[in-house]
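The values are calculated or read from the model by the stated rules, or taken from the named source; none is laboratory data. Bear in mind the structure is a predicted one, so any value in this text is a computation, not a measurement. So basically every Cβ, Gly included, is an ideal-geometry build from the backbone, and we count neighbours across all protein chains shown. Ligands, DNA and RNA are excluded from the accessible area calculation, which covers all protein heavy atoms including side chains. Shrake-Rupley method; radii C 1.70, N 1.55, O 1.52, S 1.80 Å.
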Amino acid sequence: MEREINAFISYMHEQRQTSGNTEAAYARDLRKLMEYVQQQGVESFTQVTADHLHAYVMELEGQGRKAATISRFIASAKAFFTWQISQGVRTDHPAKELKAPKIEKKPPEILTEEEIMRLLDQPSSLAPKELRDKAMMELLYATGIRVSELISLELDDVNLQLEYVTCRDGHKERTVPFGATAKCALELYLEKSRSKLVGNAECRLLFTNCSGEPMSRQGFWKIVKYYGKQAGLSGEITPHTLRHSFAAHLLGNGADLKSVQELMGHSDISTTQVYMQLSDRKIREVYKKAHPRV
């Protein structure tokens with residue numbers, strides 16, 4: 001069954017040009033399903049029935065899994081069994097009748113421009129780790145790139161002279177500019193910090209953890225969370241908060257929707273439109289708190 005999963009992931013990567021994050025999610029969901037059906041005596045995915053899948057969804061619901069988690073599994077299962085049918089290994093589609101639960105979409109959290117400045121000002125010493133943290137957060141807010149893109153950047157992906165980074169997500173590539181503040185933080189990091197953290201001269205990653213190994217998304221999430229507390233910011237401050245704030249602040253300051261869509265790497269402009277609503281809402285909240293006659 002593991003071989004079937006690997007073959008499916010290879011197909012998605014080569015033929016559908018899916019991103020690494022999507023492929024990891026598919027593989028994770030299918031391996032958990034594999035463990036479940038193996039306990040039922042199933043030895044191949046071709047033996048998996050609609051009853052198995054419905055029972056597994058009920059199992060997930062019984063475990064209190066979030067609607068988003070269950071919906072992602074259903075999407076993974078439908079894609080996998082559609083692929084099996086295309087390969088001629090089965091004719092029926094056991095996941096066809098699975099219904100994804102309704103997901104209550106919460107608007108992404110954004111910070112005000114003043115809150116962003118407080119957050120970005122927290123790493124202020126010349127210690128190698130703080131110089132790295134400062135460069136990472138400044139670059140993230142300056143470009144709005146995804147966390148996975150940030151931690152995957154290599155030295156050759158950054159053009160300091162022309163002030164842009166090149167991001168790659170699967171087979172897709174886009175160029176995103178950054179400004180003088182991020183450039184200054186990057187130059188300081190590269191000059192005084194990176195060699196002390198990376199250690200291995202052959203490493204091409206722009207950022208690593210303190211052991212010189214590739215940084216994980218969870219590792220960077222902890223960094224942002226720490227500085228959020230240091231800045232006295234309430235709520236859950238994550239790397240996504242910086243990305244969301246980047247988009248909302250651009251739109252709030254007059255950027256056009258299409259340009260922000262391209263910078264964010266959104267395939268659907270409706271995803272970007274959410275930030276226009278956020279920007280308007282945040283302005284109203286600030287107005288209500290600050291205006292003396294409201």
message: Straight-line reach only, C-alpha to C-alpha below 19 angstrom: list the aspartates and glutamates that Lys78 could link to, leaving out same-chain residues fewer than 8 apart.
response: Glu2, Glu4, Glu14, Glu23, Asp29, Glu35, Asp51, Glu59, Glu61, Asp92, Glu97
task: Using a 1.4 Å probe over the heavy atoms of the protein chains, calculate the carbon and sulfur portion of the accessible area of the chain as a whole percent.
output: 48
query: ³J(HN,Hα) across the range 138-146 via Karplus (A = 6.51, B = -1.76, C = 1.60, θ = phi - 60°), whole Hz, x for Gly/Pro?
result: 4, 5, 5, 6, 6, 10, x, 6, 6
field: Between the range 128-184 and the range 190-240, the Cα center-to-center distance that results, in Å
entry: 13
task: Quick one: of Lys129/Lys172; Lys66/Lys129; Lys102/Lys229; Lys192/Lys229; Lys102/Lys222; Lys196/Lys222, which pairs are farther than 28 Å apart, Cα to Cα?
output: Lys129/Lys172; Lys66/Lys129; Lys102/Lys229; Lys102/Lys222
- prompt: Per the helix-only calculation at 222 nm, which mean residue ellipticity applies to the chain, given -39500 (n - 2.57) for every DSSP H run of n ≥ 4 and division by its residues, nearest 500 deg cm²/dmol?
  reply: -18500 deg cm²/dmol
- prompt: Could you list, bin by bin from short to long, the percent of Cα-Cα pairs of the chain in 10 Å steps?
  reply: 6, 22, 27, 23, 16, 5, 0, 0
task: Compute the accessible area per residue over the chain, keeping the other protein chains in place, probe 1.4 Å, unit Å².
output: 56
- request: Would you mind getting me the FRET efficiency between Ser259 and Gln87? Use the beta-carbon distance for r and R0 = 51 Å, nearest 0.05.
  value: 0.80
- request: Note down the magnitude of the dipole of the chain about its Cα centre, charges +1 on Lys and Arg C-beta and -1 on Asp and Glu C-beta and zero elsewhere, to the nearest 20 debye.
  value: 800
- prompt: Dipole size in debye (nearest 20) for the range 173-249 around its Cα centre, Lys and Arg Cβ +1, Asp and Glu Cβ -1?
  reply: 140
query: Once you put a point 7 Å from the Cα of Lys32 and another 7 Å from the Cα of Glu213, both along the Cβ direction, what distance in nm separates them?
result: 2.4
- prompt: Can you list the equivalent-ellipsoid semi-axes of the range 1-146, largest first and in whole Å, using the square root of 5 times each Cα gyration tensor eigenvalue?
  reply: 41, 19, 14
statement: So, for the Cα atoms of the range 178-226, Rg and Dmax in Å stand at 11.8, 31
- request: Obtain the nm distance between the two label points defined at Ala50 and Glu202 by a simple spin-label model: each point lies 7 Å from its Cα along the Cα-to-C-beta direction.
  value: 5.5
